[in-house]
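Chemist: Okay, handing you the structure first.
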Amino acid sequence: MPRKKKEPPGFVEIMRKFVRSGLEGSAVPNRIITNKDDITTLEERVDKILGIVKRDTRPAGNMIFFVMYDIEDNKVRTQIFKYLMRMGCYRVQRSVFLADLPNDKYNQIRNDLTEVQAAYENNDSILVVPISTDYLTAMKIIGQTIDIDVITKQKNTIFF
């Protein structure tokens, strides 16, 4: 009789294993700058965001939301990054993700991150922020100057 394949552990269970392995007493690491090539250019990120907003057909049950975090431990931060990418979130900045996902995935992400946050002693923060397409369209880019008018096809964009 063939053995039944064991299902791989879920995200929350993996994070619990980190806690059990001694994560809670670890020193606060220096924030190591990862490869800057991991993040696309600002123009590509803005284009992706506006592509989500201006999509002709958005599924009715989808929720647009940001996930933002400030996590001290490298292992936890890396695991949360990988988890969000697997779930279909788009990386806007190093610790900011945007997603346009079904409500059940939104709830799963919110619940999983809540469990991970509660699993160990930390000073971390994770924000899951639903946002309307109106607010997303009204976003302003502060920092690098890019030609937003070309992307949004609007003439009333304000540059800071």
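The values are calculated or read from the model by the stated rules, or taken from the named source; none is laboratory data. These figures come from a predicted structure and were not determined experimentally. Every residue, glycine among them, receives a Cβ derived from its backbone with ideal geometry; neighbour counts consider all protein chains shown.
Chemist: Name every residue in region 56-76 that is touching a residue at least 24 places away in the same chain (Cβ under 8 Å) and either surrounded by fewer than 14 Cβ atoms within 10 Å (Cβ to Cβ) or assigned to a helix (DSSP H, G or I) (or both), in order of residue number.
Modeler: Hits for region 56-76 are R58, P59, G61, D70, N74, K75, V76.
Chemist: So how many residues does region 83-131 have that are under 23 Å from I141 (Cα atoms) and among the β-branched types (V, I, T)?
Modeler: Here the count works out to 6.
Chemist: Does at least one position in region 136-147 carry a residue that is of a type in the set (A, V, I, L, M), out of contact with any Pro (no Cβ under 9 Å at 6 or more places or on another chain) and modelled with pLDDT of 90 or more?
Modeler: Taking every residue of region 136-147 in turn, none turns out to be of a type in the set (A, V, I, L, M), out of contact with any Pro (no Cβ under 9 Å at 6 or more places or on another chain) and modelled with pLDDT of 90 or more.
Chemist: Could you check region 115-145 and list, in sequence order, the residues that are within 15 Å of F66 (Cα to Cα), hydroxyl-bearing (S, T, Y) and out of contact with any strand residue (DSSP E or B) (no Cβ under 6 Å at 6 or more places or on another chain)?
Modeler: S132, T133, Y135, T137
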